[in-house]
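Accompanying notes for the structure given below.
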Amino acid sequence: MTRITYIQHISEFEKFINKFNNSVILCDQNSYKHCISLIKLNKTQRIITIKSGEKNKNFKTLEFIIKQLSNFEANRNTVLINVGGGVICDIGGLAAGLYKRGIAFVNIPTTLIAMADASHGGKTGINLNNLKNYAGIFSLPSETLIFATFLKTLQQKHIKSGFAEMLKHGIIADKNYFLQLLNTKIKNDTILIDENFGDFIIKSIEIKNCITANDFTEQNLRKTLNFGHTIGHALETYFIKKNKTHGECVATGIICESYISLKRGLLNNNDFKTIENAITTFFKPLKIESEQIEEISKLTLKDKKNKSKEINCILIKNIGEALFDVEVTEDEIKESIEYYKKSGDS
Ligand SMILES: NC(=O)c1ccc[n+]([C@@H]2O[C@H](COP(=O)([O-])OP(=O)(O)OC[C@H]3O[C@@H](n4cnc5c(N)ncnc54)[C@H](O)[C@@H]3O)[C@@H](O)[C@H]2O)c1
Ligand SMILES: [Zn+2]
């Protein structure tokens, strides 16, 4: 079980990190600049810095991290402290799990996605030729430390990216929470983070913990956390060079997969419209050309959740209730993306 601590003041990190006499920090260029540089560290603290961005969540970077750990003479007692967004938590957790057959790691998330989602639950991984999270292991951090102040320097597109995962938590498990999130203010396309936002982060963590606690290796209920991700991951892979965020693609996936739920007669039209309005309030439509739909749909056939040739999807019954292991066809996927495109064009 991961211990989660909510930090109020940056000085608490100093105490936390300095208590380890054998640790290595992993960060990326931005989390170094905006977060690590604020913490007073011992001069001898070992730090590995990698390039920022999803495109670096790959084998080459993983190898670099493991080599650096070795250059630092890290041993089985070394603790890897991941300070960064979802990419750092994912690749750092995997590096820790592999280095000398496994060392302990701690997550200090610095983006909204990482705070609300990626820094706990124990999924780690990297992409393979842009296919999302194709290599990875389940491995829990010993601790996760949340310091919401780190969000102050985060670009708006990354705030929105995390917000998409939070909406997802509400849609699959808690209608009240979802409706509360809809009161979040947005002005000039900017989500305004007020003092209550920390409570939303805590709620998302609780929902995810509750789901993963009973199904760590994703045999059943945990699959519902992949809602929006069958089509979301296909879009992320397809648009990898266009720098679309994970959450932006998941937000689109949420509409498409809700649309399939509607067409299957699972979701009623009211709930569908509530979900669609929520996403279109917070996210600009993703531009998809007609001739791209075929290839995007094909990419869902490569989704890790698939067991055979069918596409294994999460569908929604009501807001707050999801169904897992639902087989959908490539045509249903295509039709849902066509619907999304048409409603965005109009
Ligand atoms: N393991 C899981 O359960 C899980 C869950 C959700 C998402 N994910 C993964 O998380 C990744 C997306 O996460 P992300 O959006 O955090 O991506 P990210 O780690 O790439 O961070 C987004 C950007 O913000 C920068 N950044 C980080 N902290 C900052 C700060 N405080 N101020 C300014 N800039 C900062 C980063 O350098 C990067 O450029 C995807 O790879 C996704 O697959 C994993
Ligand atoms: Zn996600």
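The values are calculated or read from the model by the stated rules, or taken from the named source; none is laboratory data. What you are looking at is a predicted structure, and each value in this text was computed from that prediction instead of being measured. Don't worry about glycine lacking a Cβ; one is built from the backbone with ideal geometry, like all the others, and counts go over all protein chains shown. The accessibility values were calculated without ligands, DNA or RNA, using every heavy atom of the protein model including side chains. Shrake-Rupley method; radii C 1.70, N 1.55, O 1.52, S 1.80 Å.
Below is a table of values for the structure above.
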| quantity | calculated |
| --- | --- |
| Pair list, Cβ under 9 Å, 6 or more apart: region 115-126 residue closer than 9 Å to ILE205 by Cα, other residue near ligand 1 (Cβ under 8 Å from one of its atoms) and modelled with pLDDT under 95 | none |
| Top-ranked residue in region 103-123 [being among the polar types (S, T, N, Q) and within 18 Å of ALA213 (Cβ to Cβ); ranked as farthest from ligand 1 (Cβ to nearest atom)] | ASN107 |
| Residue in region 262-279 that is under 30 Å from ALA135 (Cβ atoms) and open to solvent by 10 Å² or more (accessible area, probe 1.4 Å) present | no |
| All positions within region 74-121 that are surrounded by fewer than 23 Cβ atoms within 10 Å (Cβ to Cβ) and among the β-branched types (Val, Ile, Thr) | THR78, VAL79, ILE103 |
| Qualifying residue in region 189-198 (condition: loosely packed, with under 13 Cβ neighbours inside 10 Å and on the phi > 0 side of the Ramachandran plot) | yes |
| Region 213-252, residues that are away from ligand 1 (no atom under 13 Å from the Cβ), among the β-branched types (Val, Ile, Thr) and out of contact with any strand residue (DSSP E or B) (no Cβ under 8 Å at 6 or more places or on another chain) | ILE231, THR252 |
| Residue in region 232-240 that is within 15 Å of the chain's Cα centre (by Cα), open to solvent by 10 Å² or more (accessible area, probe 1.4 Å), within 13 Å of ligand 2 (Cβ to nearest atom) and at pLDDT 95 or above present | no |
| Flag for LEU181 being over 15 Å from the mean Cα position of the chain (by Cα), open to solvent by 70 Å² or more (accessible area, probe 1.4 Å) and either within 13 Å of ligand 1 (Cβ to nearest atom) or among the aliphatic types (A, V, I, L, M) (or both) | no |
| Looking only at region 124-137, and only at residues there that are within 10 Å of ligand 1 (Cβ to nearest atom) and not small (Gly, Ala, Ser), the one that is nearest to HIS229 (Cα to Cα) | LYS132 |
| Criterion: basic (Lys, Arg), more than 11 Å from ALA116 (Cα to Cα) and not assigned by TED's automatic domain parsing to the domain that holds CYS35 - qualifying residue of LYS203, LYS187 | LYS187 |
| Candidate set from region 145-168 (those that are polar (S, T, N, Q) and more than 15 Å from the chain's Cα centre (by Cα)); member that is farthest from ligand 1 (Cβ to nearest atom) | GLN156 |
| Search result, residues across region 139-165 that are open to solvent by 30 Å² or more (accessible area, probe 1.4 Å) and touching an Asp or Glu at 6+ places or on another chain (Cβ under 8 Å) | GLN156, LYS157 |
| Unmet requirement for ILE296, which otherwise passes all of (1) open to solvent by less than 10 Å² (accessible area, probe 1.4 Å); (2) touching a strand residue (DSSP E or B) at 6+ places or on another chain (Cβ under 8 Å) | (2) |
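Condition check ((1) away from ligand 2 (no atom under 16 Å from the Cβ); (2) assigned by TED's automatic domain parsing to the domain that holds TYR238; (3) at pLDDT 95 or above) across all residues:
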residue	(1), (2), (3)
GLY125	no, no, yes
LEU128	yes, no, no
LEU131	no, no, no
TYR134	no, no, no
LEU140	yes, no, yes
THR144	yes, no, yes
ALA164	no, yes, yes
LYS168	no, yes, yes
LEU179	yes, yes, yes
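Residue by residue, here is whether (1) basic (Lys, Arg); (2) more than 18 Å from MET115 (Cα to Cα) holds:
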site: THR2; (1), (2): no, no
site: ASP28; (1), (2): no, no
site: SER31; (1), (2): no, no
site: LYS43; (1), (2): yes, yes
site: ILE50; (1), (2): no, yes
site: LYS55; (1), (2): yes, yes
site: PHE64; (1), (2): no, yes
site: LEU69; (1), (2): no, yes
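For every residue, the table says whether it meets (1) of a type outside the set (Val, Ile, Thr); (2) free of Cβ contacts under 8 Å to residues at least 24 places away in the same chain; (3) within 13 Å of ligand 1 (Cβ to nearest atom).
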{"residue": "ALA173", "(1), (2), (3)": "yes, no, no"}
{"residue": "ASP189", "(1), (2), (3)": "yes, no, no"}
{"residue": "GLU195", "(1), (2), (3)": "yes, yes, no"}
{"residue": "ILE211", "(1), (2), (3)": "no, no, yes"}
